[in-house]
Amino acid sequence: MEAFVNQLPIGLSIGAVLLLIALGLTFTFGQMGVINMAHGEFIMAGAYTAFLLPGLFVPSLVVAFFVAGAMGLVLERLAIRHFYGRPLDTLLLTWGVSLVLQQLARDLFGAPNVQVKAPDWLAGGIGILPYNRLFIMGLAIASVVGVWLYLVRTKHGRRMRAVMQNRRLAATSGIDTGRVDMLTFFIGSGLAGIAGVALTLVGPVGPSLGTYYIVDAFLVVVAGGLGQLRGAVLAAAGLGLLNSYAEFWSDASLAKVIVFAAVIAFLQFRPQGLFTVRSRALS
Amino acid sequence: MLSVRDLESGYGRARVLFGVSLTVEPGELVCVMGRNGVGKTTLLDTVMGVLPVTSGTVTFDGRDITRLKPHERVRLGIAYVPQGHDTFPQLSVLGNLQVTLEASKGSPSALDEALDVFPALKPLLKRQAGYLSGGQQQQLAIARALVTRPRMLILDEPTEGIQPSIIIEIEEAIERLHGSGLSVLLVEQYVDIALRLADRFVILDAGRVVREGEARELRGEEVQHLLAV
């Protein structure tokens, strides 16, 4: 029982990291339909940003958002936008970009993992809840709330939702869809950068950091329902917990098998994911 | 006002329009007619820039807009109401109007003017657009187009699949807008509606203009034959 309880914050904080990563993917994959394999490398870029700013943990969250966001924006402008509507080509293209970015990190920072020193105020904890894991959960919740407010309360957010819901109509209503895509990619990628900084609190940073999380993050988006914020939250928590408990009671490899099997089984019953859009226009 | 010359376009390798020419003078209502699948929607989509032009030109106010993006055409003063009462389903009715208003950088009074055209929308402002009836969605679609304060309105079968009571309201609204000096390009299948609204008509068949003339000529038997299914 004690082991069960001890594992809880670990599972939830993994879920929180997955949520931060999946949040960006709900935009770029869930709503724009772009399978961006390089999303994982934006996480890595965020983590190295924290590494390059020792002792500046909180500012590095902001810097990482802009660094990863800018990378996403450049990738969208230079490459991805020429491949809209061609998912397989996009997949190959971004996978290539992902490999290039990993090699670039190896050249810049070396192949071995590096350690980012967590700030002192995150040492310790309350009972079984370490501060660093609590902080990650708080960060994920704050990001979800921030994204939600942005989408619902701001002009740009509304424009973004309009493009996601009906791209053609948005264009013929006078919305510059190209600019909205650019901004969507910026925000989605920036969130991956924040996830990268969060990851430095729970483990070492290496060039292939992103590859460990990218597949799970895609699973979160699919299981939660494409483009659904609340679905992503629930699926991330579920997958994070399942991951950590499966890992605790078996081993890392078997845990992956269990998680994949669970997601496949779930999608047999609900291929559309936890939540879906329901309205006359789509029925 | 709007002039389309020798327009050719289609989907990928499938050509749909084979050299269509038509003009809409300022304040005029021109009705594009023809059977299903002759290229009416393709023509509007091409005029709006949703589909790329293979050859030919589109000019608006003497300016060549053939290569402009859809949103740039909207900013020049063309508004489009596509087929099938399209909305942004998860935005509220007000959100649908606001997002268009903000994109066109118009003044908030344009929103009130658009709602005055369809007062039935006023109690529904907070509702999600996806849950409205087809007729309400079509009214919203037209109101959304008007929010940009267009000088030219393009409508694709605005009465198709709509309950009869709302068809009348939509027809009257188009009549009033036309009466106030707005240029309109309207795709319509029904001769009786075209007769009531149009100044001139153009009939398409297999991607070509086969007949055009004054609205009253629509009564002629030869024209009826062209439109018969």
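Rule-based calculations on the coordinates, nothing more; no lab input. Given the structure is predicted, the values throughout are model-derived calculations rather than measurements. Positions of Cβ are backbone-derived with ideal geometry, glycine not excepted, and every protein chain shown enters the neighbour counts.
Work out Dmax and Rg for the stretch A:231-275 from the C-alpha atoms and quote the Rg first, both in angstrom.
For the stretch A:231-275, the Cα-based Rg and Dmax read 10.9, 31 Å.
For chain B, what relative contact order do you get, as a whole percent, if you take Cα pairs closer than 8 Å and at least 6 residues apart? Mind dumping the intermediate values first?
On the way: 443 pairs, mean separation 64.7, N = 229.
In percent, rounded to a whole number, it is 28.
For chain A, what is the relative contact order in percent, using Cα pairs closer than 8 Å and at least 6 residues apart in sequence?
RCO, chain A: 37 percent.
What list do you get for B:Arg127, A:Arg159 if you sort them by fewest beta carbons within 10 Å?
Sorted ascending by nearby Cβ count, the order is B:Arg127, A:Arg159.
May I ask you to list, by number, the DSSP H helices of chain B whose Cα span along the axis is at least 24 Å and whose average Kyte-Doolittle hydropathy reaches 1.0 or more?
none
Specify, per residue and in Å³, the volume enclosed by the convex hull of the alpha carbon atoms belonging to the protein assembly as shown.
171 Å³
The stretch A:154-219 to the stretch B:165-216: how many Å between their Cα centroids?
With the stretch A:154-219 and the stretch B:165-216 each reduced to a Cα centre, they are spaced 44 Å.
Take the alpha-carbon centre of the stretch A:34-109, take the same for the stretch B:88-159, and report the distance between them in whole Å.
Cα centroid of the stretch A:34-109 versus Cα centroid of the stretch B:88-159: 39 Å apart.
Out of all DSSP beta bridges in chain B, what portion is antiparallel? Express it as a percent rounded to 5.
Once the DSSP bridges in chain B are tallied, antiparallel ones form about 60 percent.
List the DSSP H helices in chain A whose Cα atoms stretch 27 Å or more along the helix axis and whose mean Kyte-Doolittle hydropathy is at least 0.5.
A:2-25, A:57-78, A:87-109, A:131-153, A:177-199, A:229-249
Tell me which aspartates and glutamates have Cα within less than 12 Å of B:Lys40's Cα, excluding those fewer than 8 residues away on the same chain?
Qualifying aspartates and glutamates at Cα under 12 Å: B:Asp156, B:Glu157, B:Glu188, B:Asp205.
Please compute, over every Cα-Cα pair in the stretch B:85-149, the percentage with a separation greater than 13 angstrom.
Above the 13 Å cut-off, the stretch B:85-149 has 53 percent of its Cα pairs.
As a test of understanding, state the convex hull volume per residue of chain A from its alpha carbons, in Å³.
Convex hull volume per residue, Cα atoms: 139 Å³.
Quickly estimate the mean residue ellipticity at 222 nm for the protein assembly as shown, helices only: each DSSP H run with n ≥ 4 gives -39500 (n - 2.57), and the total goes over all residues, rounded to 500.
-18000 deg cm²/dmol
So if we plug the beta-carbon distance of A:Asp107 and A:Arg153 into 1/(1 + (r/R0)^6) with R0 = 41 Å, what FRET efficiency do we get, rounded to 0.05?
In this case the efficiency is close to 0.45.
Please build a GNM for chain A, connecting alpha carbons under 10 Å apart, and tell me which residue among A:Phe65, A:Phe269, A:Phe109 fluctuates the most.
Its mean-square fluctuation being the largest, the pick is A:Phe269.
Give me a single rounded figure for B:82-91: the average over its residues of other chain Cβ atoms within 10 Å of their Cβ.
On the way: counts 5, 0, 1, 2, 7, 7, 11, 9, 11, 5.
Counting Cβ atoms of other protein chains within 10 Å of each residue's Cβ and averaging gives 6.
Any idea what log10 I(q)/I(0) is at q = 0.12 Å⁻¹ for the stretch B:149-229, Debye with uniform C-alpha scatterers and no solvent?
Per q value, in the given order, log10 I(q)/I(0) is -0.36.
Which value, in Å³ per residue, describes the convex hull spanned by the Cα atoms of chain B?
Dividing the Cα hull volume of chain B by its residues yields 117 Å³.
Run through every distinct alpha carbon pair of the stretch B:64-194 and return the Kirkwood hydrodynamic radius in angstroms, one decimal place.
By the Kirkwood definition, the hydrodynamic radius is 14.8 Å.
If contacts are Cα pairs under 8 angstrom and at least 6 residues apart, what is the relative contact order of the stretch A:100-230 in percent?
35 percent
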